[in-house]
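Structure record follows, encoded as structure tokens.
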Amino acid sequence: MILGSSPILTLRQTHAERTMKPKRTILCVDDNEQSLSIRKVMLETRGYRVLSCSNGAQALECFKRGGVDLVLTDLMMPGIDGSRLIEEIKGFSPETPAILLSSKARLYNHDTRADVFLAKGMYGPAELLERIRMLLVRKRGPKRAMARPEHFVAQVGAA
């Protein structure tokens, strides 16, 4: 028997596509192209949509277009640095989570509106991914109980 596209397989694929969760969008900003590329690949392979920018001004314009669920930015960048970028973004959208990364952790001692500060080299990819996941869950809020039809509630209550 030659395997082809059967109606059952097509139906399953279509159902899976319909029930898939929409991808969350992460704005990833770093003036180091290699670091930016590595983070982009890591996040995309975990199912995130990634918008990459190599400077703060470009990132701000990208954010203003909408659709960004989380910002992941380097601290030290020419022009608009990561701290100022987050400050600007929080001015537009205070609920947007932001992670600030820096290799200059000892130099960074002033207040920031970032939700998380991570020193480069002091965390692994798994920790970064977990922080991202937790911030996105916190942004979404607790899952709401789905409204159930009246007859379903009555049947469950009678059992």
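To two decimal places, what compactness ratio does the range 23-81 give when its Cα radius of gyration is scaled by 2.2 N^0.38 Å?
Against the empirical 2.2 N^0.38 Å value, I get 1.03 for the range 23-81.
Using a basic spin-label model with each label point 7 Å from the Cα along Cα→Cβ, how many nm lie between Lys120 and Arg84?
With each label point 7 Å from Cα toward Cβ, the separation is 1.9 nm.
Tell me, what is the Rg over Rh of the range 25-145, with Rh the Kirkwood radius over Cα pairs?
Value, to two decimals: 0.94.
Report the gain in length on full extension from Ile38 to Gln58: 0.36 nm times residue separation, minus Cα-Cα distance, nm rounded to one decimal.
Stretched fully, the Ile38-Gln58 segment lengthens by 5.3 nm.
Based on the mean of other beta carbon atoms within 10 Å per residue, what is the order of 74-81, 122-129, most packed first?
Sorting 74-81, 122-129 by mean packing, highest first, produces 74-81, 122-129.
Sorting check: for 24-32, 55-63, which peptide has the highest mean count of neighbouring beta carbons within 10 Å, and how do the rest follow?
Highest to lowest by the protection proxy: 24-32, 55-63.
Provide the per-residue ³J(HN,Hα) series for the range 88-99, in order, calculated from phi with Karplus coefficients 6.51, -1.76, 1.60 and θ = phi - 60°, each as a whole number of Hz, with x at glycine and proline positions.
5, 5, 5, x, 7, 8, x, 7, 6, x, 9, 10
Each reported figure results from applying straightforward, stated rules to the coordinates on display, with no laboratory input. All of these numbers come straight from a predicted model, not from anything done at the bench. Every residue, glycine among them, receives a Cβ derived from its backbone with ideal geometry; neighbour counts consider all protein chains shown.
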